[in-house]
Structures are given as structure tokens and as C-alpha cells.
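The block underneath contains the structure these notes are about, expressed in C-alpha cells.
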Amino acid sequence: MPEAAQPKVAPSGRVVELAGGVGGAKLAQGLQAQVGDRLTVVVNTGDDVERHGLAIWPDHDTVMYTLAGLDDRERGWGIRDETWTAMDQLGRLGEETWFRLGDRDLATHIVRTARLAAGGRPTDVARHLQRALGVAATILPMTDAPVRTEVRTDEGWLDFQTYFVGRQQQPTVHEVRFRGVDEAAQTAEVVASFDRLGPTDAIVVAPSNPIVSIGPLVALRGLRSAIAAARERGAPVVAVSGIVGGRALKGPADRMLVSLGHESSALGVARLYAEWVDTFVIDTIDADLAPAIQALGLRVVVTDTIMTDDAARTRLAGDVLRAAIP
């Protein structure tokens, strides 16, 4: 039978979360509430895109706005209480507006693009934005090199944002690739975040899409070996399933898993992570999958993984950190 979600103590040291998208941001908020500035979020950059001449970093900004307490809970992206004057005017001027950017959000992209154009390193620019918004944790782009997620559909290859936003995730995905990942590498900051980890620390894999959010991270040269080295030093790796009851809580992960030949279930996600994760956290609705997941060599913790509000995010983060201790 699976173990209860009340192991003895939580890690007292650092936490590194691998994250992308809304699920990663929600858990990051809970982790920040638990460990404050001892949290580092290594965020997927494969979703990054250029729009209207501006550098847009969707996953980074979703995490940043959430940790700064600025996120729009109703839309699930962007800044709350947004206005759309600039986007409306862009439409009047004949520009495509399917990728919506609010006025306050545009300020982020303008500052980012200007600093990058002036020679700023992406990681340094990211840290400037986070400090300006008062984020306690550290959010690190997985690489400073350009990596772009692309999906093959019946329309051919599409960049991720065209598929995700422009086509509203409707086309069936037959193949995924991460353009540029073979030439990219972890930043010195990402390397250092893993090198510091030991037995009182933890690596947490967010309940993000395992294919297009976590996939680019673990495809990055050196990241899997950094995780392996941290595990050898005693740092546990705990992953949270983003598939609950066979469905993704948000986004196309369930359909994508099936179309790419995997099972849309917590077990299907566990199979993708089994080689490099120690403990797998699943929702109570999936408790019957625990024996099959344990058979993969993973320790299983069953708890409520639905993050409906701030309290639920903090509670799940506490369960995840306690799950790191065997």
C-alpha cells in the first residue's frame, strides 16, 4: 500500500523546482511560502517567443507574476486587473492580436527586450525583473541560449505558441522537438543551484506538462547529470503528477500523452520519470495506481494535489517536502 503523506520532517535546506506553466507556478507559490528565498525555480524556456518585436517568456513570467502576488487567477495567465489599450490599438493598426498582451504585462516585455538588446544576459535580465517585483525566490531560465519547442501536427511543424494559443491546442500532436537544445547548455547559476544540494535539500518536479514543460528541461545538456549528481549526494527528487483521474487540470497534456503513445494517467507520467525520480506524488483519486507506480521502483505518496487556493498550494508544498524524507 502507498505510504501516507505525513513523513517525519521536511527538508531544512534548499529546494530546486523544475517547472513550466500554471501548475509549476502554483506549486512554486506554495514552496515559496514554505521555504522563502531558499527556493530556486528552474523554468522552461522552450515556450519563449517574439511578438511585436518584443521578447516574451511565458513560463518565466507566469512563475514570476505568481510569486510576486500579481497573477490573474481567473484567466490563469498575465497580471490581474489588466487593461488592453495597447493591444486594441495594435489591432486597429492591422497587427495580429491572437497572442494577447496586457498593458502592464507589456511593460515587462519592453524592459526585458531593451536590456537584452543592450547586451544583457537573459539570466541577469530575469533576475532584475524578479527583484524589481519583490520576488523572494530565485527564478532561473534553464539556459541563456535560444531553445524553441515545436510540435508536428497535420498542418506540419508549428511553434509552440502558434499551437497553444493561436490554434487553441486543437491540432493533434504527432511529434515534439526542442529546436536548439543540442547546442544549449545550463547556465552557471543553474549548475550552482544543483551543486549546492545535499541530503537536507530537495529537487521537486512540478505538476507541469511532462512533454513540453519538463521535457525541454531534462533534454538540456547536463541537466540530467546534475540531477544524478545531486541524488548521489543524498538530495531526493520528488515529482508531482499533473494528470489527475486521467485528465490534465489545465492544458493539453492528457491529449498529448495519448497522441505520442503514452498513457494519460499518473502511471503514464510516472513511467516517463521513473529513471531519475525517487518519490512520486499522486492525487487521492488515483490511489489505486499506487501499486503499479511502486512496481516501477518509485516510492508513492498519495495526497490531495488540487491547488484551489493559496492554502491548498502551501499545504501541497508541505506534503511534497515531507515526501522527500523516506
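The values are calculated or read from the model by the stated rules, or taken from the named source; none is laboratory data. Remember, predicted model here, so these are calculated numbers, not experimental data. Note that each Cβ is placed from the backbone with ideal geometry, even for glycine, and that neighbours are counted across all protein chains shown. Just the protein is used for accessible areas: all its heavy atoms, side chains included, with ligands, DNA and RNA removed. Shrake-Rupley method; radii C 1.70, N 1.55, O 1.52, S 1.80 Å.
Just the protein heavy atoms count here, and of the accessible area of region 275-320 at 1.4 Å, carbon and sulfur take up 55 percent.
Compute the separation of the alpha-carbon centres of region 260-326 and region 161-213 and state it in Å as a whole number. Taking the Cα centre of each part, region 260-326 and region 161-213 sit 18 Å apart.
Evaluate the relative contact order of the chain (contact order divided by residue number), counting alpha-carbon pairs under 8 angstrom at least 6 apart; express in whole percent.
Once normalised by length, the contact order is 24 percent.
If you plug the beta carbon distance of Glu74 and Thr172 into 1/(1 + (r/R0)^6) with R0 = 35 Å, you get a FRET efficiency near 0.75.
When peptides 284-295, 43-54 are sorted by average Cβ neighbour count within 10 Å, with the highest value leading, the order is 43-54, 284-295. For region 171-326, the fraction of C-alpha pairs farther apart than 27 angstrom is 24 percent. Rounded to the nearest 5, the antiparallel percentage of DSSP beta bridges internal to region 172-326 is 15%.
Backbone amide hydrogens, once placed in the peptide plane, bring Val176 within less than 5 Å of Arg152, excluding anything fewer than 5 places away on its chain. When only Cα pairs below 8 angstrom with a gap of at least 6 residues are kept, region 131-183 shows a relative contact order of 40 percent.
All distinct Cα pairs of region 165-219 go into the 1/r average, and the inverse of that average, the Kirkwood radius, is 14.1 Å. Probing with 1.4 Å while keeping every protein chain in the model, the per residue accessible area of the chain equals 41 Å². Read through the labelled values (1) 18.9, 62; (2) 20.7, 70; (3) 22.2, 91 and report the label of the one computed as Rg and Dmax of the Cα atoms in Å from the structure. Calculated Rg and Dmax of the Cα atoms in Å: the matching label is (1).
Here the Karplus relation 6.51 cos²θ - 1.76 cosθ + 1.60, evaluated at θ = phi - 60°, turns the backbone of region 289-300 into coupling constants of 8, 4, x, 5, 6, 4, 5, 7, x, 9, 7, 10 Hz, with x for every Gly and Pro.
Pulled fully out, how much extra length does the chain show between Ile285 and Ala228, if you take 0.36 nm times their separation in residues and subtract their Cα-Cα distance?
So the chain would gain 17.4 nm between Ile285 and Ala228.
Taking all protein chains as shown and a probe of 1.4 angstrom, Arg127 keeps an accessible surface of around 50 Å². For region 198-243, the percent of C-alpha pairs falling in each 10 Å distance bin, counted from 0 to the bin holding the largest distance, reads 27, 50, 23.
Test of understanding: in a Gaussian network model of the chain with alpha carbons linked when under 10 Å, which of Trp157, Trp77, Trp98 would top the mean-square fluctuation ranking? Most flexible of the set in this elastic network: Trp98.
In this structure, Trp84 and Arg152 have a Cβ-Cβ separation that, at R0 = 41 Å, corresponds to a calculated FRET efficiency of about 0.80.
The loop-placed GluC sites (Glu not before Pro) in region 63-166, going by DSSP, that have at most 13 neighbouring Cβ atoms within 10 Å of their Cβ come out as Glu74, Glu95, Glu96, Glu155. Here Glu95 and Ala136 are evaluated by their C-beta separation; at R0 = 45 Å the FRET efficiency comes out at 0.75. For the chain, adding -39500 (n - 2.57) for each run of n ≥ 4 DSSP H residues and dividing by the number of residues yields -10500 deg cm²/dmol at 222 nm.
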